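Asker: To start, I am sharing the structure in question, which I have written as structure tokens.
The values are calculated or read from the model by the stated rules, or taken from the named source; none is laboratory data. What you see is a predicted model; the values in this text were computed from it and never measured. Cβ placement follows ideal geometry from the backbone for every residue including glycine, while neighbour counts extend to all protein chains displayed.
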Amino acid sequence: MKILVINTGSSSIKYKLFSIDDNSVLVHGNLEKIGEPGGGRHTYVVLSGHSENKILRDEIIPNHTVGLNTIVSLMTHAETGVIKNVSEIDAVGHRVVHGAETFREPTIIDDQVLDAIRENVPLAPLHNPANILGIQVARSIFPSAVQVAVFDTAFHHTIPPKAYLYALPYKLYTTLKIRRYGFHGTSHHYVAGEAARLLQKPLSELNLITIHLGNGGSVTAIAKGKSVDTSMGMTPLEGLIMGTRSGDIDPSIPHFLASNADMSIEEINTLLNKESGLKGICGMNDMRDIVLASEQGNPQAITALEMYTYRIKKYIGAYLAVLGTVHAIVFTAGIGEHAPQIRSRVCEGMEKLGIDLDTTKNLAARDIAREIQTDGSATRIFVIPTDEELDIARETLKLLT
Ligand code: ADP
């Protein structure tokens, strides 16, 4: 059985083809800059055992239909192919960013489901339209495959009202569905499952704090295997300081900017989403550059790192209080997996709270799930590489069997 996982953005398609029978990845890749007149780039990587064959192609990709057809033609080509015919793909698992309150779990897509995803576009105007496009194109290219939507928000559907409601007039929740939804759900769910495997206990018996630190970032409090609070909110802007997003700010700041800096609502939205966060503080949003600059004494980079790690620490403190007992905290995604400086700053001074990082283990650079706490630490500290595509493939498989 073969499952293709697709993550469609407005100008990109990321994909991974899984062979379920032998639990392997056959091919993965990425199409970037779809629709750009200057041309796009297709990275196509065939995996075979421990070896990989990477093909890079710069080509004009006018739209998503052409893009997905390009992927299929490489997958079925005599030299680069891993399948003979598209009918070999049994299912396509789609990442869909916003499921709102409509979708609490992965769902097989039919016309009604597609309409419901469309109804949620106002909540995710940048993401859901691209996801819908990906589904439509995949339905026409893989007519015999089951199409499944896996929602970024679904893992958080167990968050109780006291944590998902904002203290606004209740009517805004009932009419406009303004509430916390949370995101990165597949990543939090995947690493929680891996943590359970490492702890050799059922996830339903575990309390965890999972910390996803990529370009976007979020922290989730997991009680008995279920998400009970998370730092992102109605949109992915709330919570941690991110690459270009502010995270939590005083809600009066937009009004102040509109009144005193003559900014429109659109300009303020762009400021908070694209010009703030690490980039806003120090002019850089790639964590590698910021760590390097801070080591070279750049004062703004130093401040940005202090702010970034302080915010994470505050959320850990809050979620320790929410959960009472925490079996493990988990770092994941680009920064969480690869930046020991960030992990050590986040955990600094929390020994008395039971979080005690082992400096040597923390510095050891490895690409596998690992423990980095001291022997005496009451709470285990894990670094677990996330694999959202694998989580989507597994959830898709569950709906097929
Ligand atoms: P996305 O949210 O786009 O999936 P990733 O999970 O790939 O993001 O994370 C991207 C971030 O990870 C970037 O800020 C990048 O600088 C950071 N990163 C990747 N490798 C390292 C590293 N070795 N040290 C520090 N940061 C890293």
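Asker: Can you name the number of the only condition in (1) farther than 21 Å from I222 by Cβ; (2) in a loop (DSSP other than H, G, I, E, B); (3) within 12 Å of the ligand (Cβ to nearest atom) that D375 fails?
Answerer: Going through (1) farther than 21 Å from I222 by Cβ; (2) in a loop (DSSP other than H, G, I, E, B); (3) within 12 Å of the ligand (Cβ to nearest atom) one by one, D375 breaks only (3).
Asker: Just one of the numbered conditions (1) more than 22 Å from the chain's Cα centre (by Cα); (2) hydroxyl-bearing (S, T, Y); (3) surrounded by fewer than 16 Cβ atoms within 10 Å (Cβ to Cβ) is not true of S294; which one?
Answerer: The single condition S294 does not satisfy is (3).
Asker: Scanning for something in contact (Cβ under 8 Å) with a residue 24 or more places away in the chain, within 16 Å of the ligand (Cβ to nearest atom) and either assigned to a loop (DSSP other than H, G, I, E, B) or hydroxyl-bearing (S, T, Y) (or both), does segment 340-347 turn up at least one residue?
Answerer: no
Asker: Within segment 145-155, does at least one residue satisfy the condition of being modelled with pLDDT of 95 or more, over 21 Å from I13 (Cβ atoms) and among the charged types (D, E, K, R)?
Answerer: Among the residues of segment 145-155, not one is modelled with pLDDT of 95 or more, over 21 Å from I13 (Cβ atoms) and among the charged types (D, E, K, R), which makes the answer no.
Asker: Assuming K352 fulfils every condition listed in (1) free of Cβ contacts under 8 Å to residues at least 12 places away in the same chain; (2) within 16 Å of the ligand (Cβ to nearest atom) apart from one, which condition is it?
Answerer: Unmet for K352, out of (1) free of Cβ contacts under 8 Å to residues at least 12 places away in the same chain; (2) within 16 Å of the ligand (Cβ to nearest atom): (2).
Asker: Looking at segment 302-314, is at least one residue surrounded by fewer than 19 Cβ atoms within 10 Å (Cβ to Cβ), at pLDDT 95 or above, hydrophobic (A, V, I, L, M, F, W, C) and in a helix (DSSP H, G or I)?
Answerer: Checking segment 302-314: at least one residue is surrounded by fewer than 19 Cβ atoms within 10 Å (Cβ to Cβ), at pLDDT 95 or above, hydrophobic (A, V, I, L, M, F, W, C) and in a helix (DSSP H, G or I).
Asker: Also, I was wondering about something else. Looking for something of a type in the set (S, T, Y), surrounded by 14 or more Cβ atoms within 10 Å (Cβ to Cβ) and under 22 Å from R394 (Cα atoms) - is there at least one such residue anywhere in segment 107-126?
Answerer: Yes, segment 107-126 contains a residue that is of a type in the set (S, T, Y), surrounded by 14 or more Cβ atoms within 10 Å (Cβ to Cβ) and under 22 Å from R394 (Cα atoms).
Asker: On to the next question. Taking only pairs six or more apart or across chains, which ones have beta-carbon atoms under 6 Å, a first residue in segment 375-387 that is among the small types (G, A, S), and a second residue that is outside any strand (DSSP E or B)?
Answerer: So the pair list comes out as S377/D356; A378/G354.
Asker: Could you please let me know if L320 is over 16 Å from H212 (Cβ atoms) and crowded, with 19+ Cβ neighbours inside 10 Å?
Answerer: yes
Asker: Looking at segment 165-188, which of its residues are surrounded by fewer than 24 Cβ atoms within 10 Å (Cβ to Cβ) and touching a Ser or Thr at 6+ places or on another chain (Cβ under 9 Å)?
Answerer: The one that is surrounded by fewer than 24 Cβ atoms within 10 Å (Cβ to Cβ) and touching a Ser or Thr at 6+ places or on another chain (Cβ under 9 Å): R180.
Asker: Can I ask one more? What is the number of the single condition among (1) more than 15 Å from the ligand (Cβ to nearest atom); (2) closer than 20 Å to D229 by Cα that K361 does not meet?
Answerer: The single condition K361 does not satisfy is (2).
Asker: Within segment 315-337, can you find the residues that are in a helix (DSSP H, G or I), closer than 17 Å to S218 by Cβ and more than 16 Å from the ligand (Cβ to nearest atom)?
Answerer: The answer is Y315, I316, G317, A318, Y319, L320, V322, L323.
Asker: So which residues in segment 75-106 are surrounded by fewer than 18 Cβ atoms within 10 Å (Cβ to Cβ) and either small (G, A, S) or under 29 Å from R180 (Cα atoms) (or both), if there are any at all?
Answerer: Within segment 75-106, A78, G81, S87, E101, T102, R104, E105 meet the criteria.
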